[in-house]
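Shown next, in structure tokens, is the structure this report addresses.
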Amino acid sequence: MGAALEATNFHPGRSGRDHLRVLADTAGIPASRVDELLELTGIPAAARKRAGGYSMGMRQRLGLAASLLGDPEVLVLDEPANGLDPEGIRWLRGFLKHLAGQGKTILISSHLLQEVAQTVDDVVIIANGRLVRAGTMAELEGAPGALVETSDAQALAGALRVADVTSTLQADGSLVADTTDLRLVGDVALRAGLPVYGLRAQRADLEDLYFSLTEGTNRNLGDGAATVGAPTEQDAVVGEEGANL
């Protein structure tokens, strides 16, 4: 198992290459593996510079290289995208998928829910140390549908029922039809003489799901009674990715 839990676990006076060489020597890993990982994580140009001067993104890459020294089957990463610019995040996403394609299992703990949704295959939601929900991204997102904004949602719901499409009225006056066929919804609205202001495919948002599941789980110590509050920063989403899951 390899792990990268923070981006500061190195001697600031050592170069990135020397940091990895010390770890490799300790574990009996050939020095050639160090240069291989420097190339793999995209930091060969900074390898001889002192790690104390690295940016947060460079530190993240160095930590990732260190966690991969022993070519582990399982990789545990805490906030791996922290400090990365958009290009770096895109690189990380592709890199983790590449590792997963090799049969590795990758566990990611992160509060960047939108990034998690684009990266992982399976999600575990934890609040205050307790398991709240677990499943694949497809399961958590739920069945796809079509979100429709119109002048008379109830009338459109009735017209959709005639076309054998069930739907659900939303609190904001919009309608969610249980179909992915946007053309069908548009045609039904046209035949019913109802204007459509918005029509798009919809799946559950991971961030909305997270807050709906964890709201009220925060407990404050005081008089001994549990109080309702927003989720704390310690709440985590853990994603698993890999061909062997």
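The values are calculated or read from the model by the stated rules, or taken from the named source; none is laboratory data. Note that the structure is a prediction, hence the values are computed from the model and not measured. As a convention, Cβ positions derive from the backbone with ideal geometry for all residues, glycine included, and neighbour counts pool all protein chains shown.
Can you run down the residue pairs with Cβ atoms below 9 Å, 6 or more apart or on separate chains, where the first is in region 1-17 and touching a residue at least 60 places away in the same chain (Cβ under 8 Å) and the partner is of a type in the set (Gly, Ala, Ser) and assigned to a strand (DSSP E or B)? Once the first residue is touching a residue at least 60 places away in the same chain (Cβ under 8 Å) and sits in region 1-17, its partners that are of a type in the set (Gly, Ala, Ser) and assigned to a strand (DSSP E or B) give 5/109. Within region 106-123, the residues that satisfy the criterion of being at pLDDT 90 or above and either β-branched (Val, Ile, Thr) or under 8 Å from the mean Cα position of the chain (by Cα) (or both) are 106, 108. Pairing residues of region 151-179 that are under 16 Å from residue 201 (Cβ atoms) with residues that are of a type in the set (D, E, K, R) and outside any helix (DSSP H, G or I), at Cβ distances under 8 Å and at least 6 apart in sequence or on separate chains, gives 165/178; 167/178; 168/178; 174/149; 175/149. Within region 159-184, if we keep just the residues that are of a type outside the set (A, V, I, L, M) and part of a helix (DSSP H, G or I), the residue that is surrounded by the fewest Cβ atoms within 10 Å (Cβ to Cβ) turns out to be 183. Among the residues of region 89-104, those identified as buried (at least 19 other Cβ atoms within 10 Å of the Cβ) and either touching a Gly at 6+ places or on another chain (Cβ under 6 Å) or on the phi > 0 side of the Ramachandran plot (or both) are 100, 104.
Give me the strands (runs of 3 or more DSSP E) completely within region 1-113, filtered to those with at least 3 residues that are in the same structural domain as residue 124 (by TED's automatic domain parsing) and of a type in the set (S, T, N, Q), ordered by residue number. Write out each step before concluding.
Numbers: elements: 2-4, 74-78, 105-110.
Passing ranges, in order: 105-110.
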